[in-house]
Amino acid sequence: MKILLSAVLFCFLTSGCTKKAPMINEPTTNQATNPSKGTGNFTYLALGDSYTIGESVKQAESFPYQLQGLLKAQNITLANPKIIAVTGWTTNELQAAIKSENVNGTFSFVTLLIGVNNQYRGYPLSTYKKEFSELLQTAITYAGGDKTRIFVVSIPDWGVTPFGKNSGRSMQTIANEIDSFNAANQEITLAAGVSYTNITPASRNAATDLSLVADDGLHPSAKMYAEWATALLTKVSAVLK
């Protein structure tokens, strides 16, 4: 059993096993940078990593697209989200990608969820604070300087997932580190006068409810993403109406 578990963990940590279940810190080429298109009256920029592209679920099941659907149900027509996110990205990698994308113009609103890979790789919290602050200012710029149109989402706790439990790391240590990163991004967000949505406590329900976890045993399922979209709905609709 130990040999089998070691082999499974090795697959997660290398690029040669399966594209269905890439490791948190394993960048993939599946970059979802979908241009806003259609006849939507409003536009949406989603910045992040695997949690934003919806790794291991269908695109329509990711939280940006589920949010689009919920807004549509309220007669708020939103163009397809413009997504700048790749599985494995840290704050500095997201910064570099935004620059290379060279996105012009502004958006009706922007979401930002980033940091789990900084935590996973053991990057300094001080570096995260600096780069997250810079990303937040970038997001505000893309909203035309309107801070009310920025929505930061906290980092979920991957330690409670089946992968996290079998990772060889202490679940409590992972939880403590995630809490530290979230304490930092929340403080920076609120100090800037920006909306903060804390989905972390609910993400820990995955410890006992596997319906909240995707088939890869690591990322959120469509069900959990629906919870995030619902948590954002009232806040986003309030600024768009």
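Restricting the first member to the range 151-165 and to residues that are of a type in the set (G, A, S), and the second to residues that are in a helix (DSSP H, G or I), the beta-carbon pairs closer than 6 Å and six or more apart or on different chains are S154/N182; S154/T200; G159/M171; G159/I174; G159/A175; G164/W158.
Listed conditions (1) over 15 Å from the mean Cα position of the chain (by Cα); (2) open to solvent by 40 Å² or more (accessible area, probe 1.4 Å) are all met by E227, apart from (1).
Applying the condition of being over 22 Å from G122 (Cα atoms) and within 13 Å of the chain's Cα centre (by Cα) to the range 42-54 and asking which residue is most open to solvent (accessible area, probe 1.4 Å) yields I53.
Of all residues in the range 67-88, those satisfying the criterion of being under 14 Å from L45 (Cα atoms) and either open to solvent by 10 Å² or more (accessible area, probe 1.4 Å) or modelled with pLDDT under 95 (or both) are Q68, L78, N80, K82.
Of all residues in the range 190-220, those satisfying the criterion of being in a loop (DSSP other than H, G, I, E, B), open to solvent by less than 60 Å² (accessible area, probe 1.4 Å) and closer than 23 Å to K165 by Cα are I199, D209, A214, D216, G217, L218, H219.
Scanning the range 89-124 for residues that are assigned to a helix (DSSP H, G or I) and surrounded by fewer than 16 Cβ atoms within 10 Å (Cβ to Cβ) yields a count of 5. Restricting the range 144-175 to residues that are within 30 Å of N104 (Cα to Cα) and open to solvent by 10 Å² or more (accessible area, probe 1.4 Å), the residue that is nearest to the chain's Cα centre (by Cα) is R149. Scan the range 78-96 for residues that are over 15 Å from Y51 (Cβ atoms) and in contact (Cβ under 8 Å) with a residue 12 or more places away in the chain and the total you get is 6. When residues in the range 183-233 are screened for being touching a residue at least 60 places away in the same chain (Cβ under 8 Å) and at positive phi, 1 of them pass.
The values are calculated or read from the model by the stated rules, or taken from the named source; none is laboratory data. Here the structure is a predicted model, which is why all the values come from computation and not from measurement. Backbone-built Cβ (ideal geometry, glycine too); neighbour counts: all protein chains shown. Quick note on the areas: whole protein, heavy atoms, side chains included, nothing else; ligands and nucleic acids left out. Shrake-Rupley method; radii C 1.70, N 1.55, O 1.52, S 1.80 Å.
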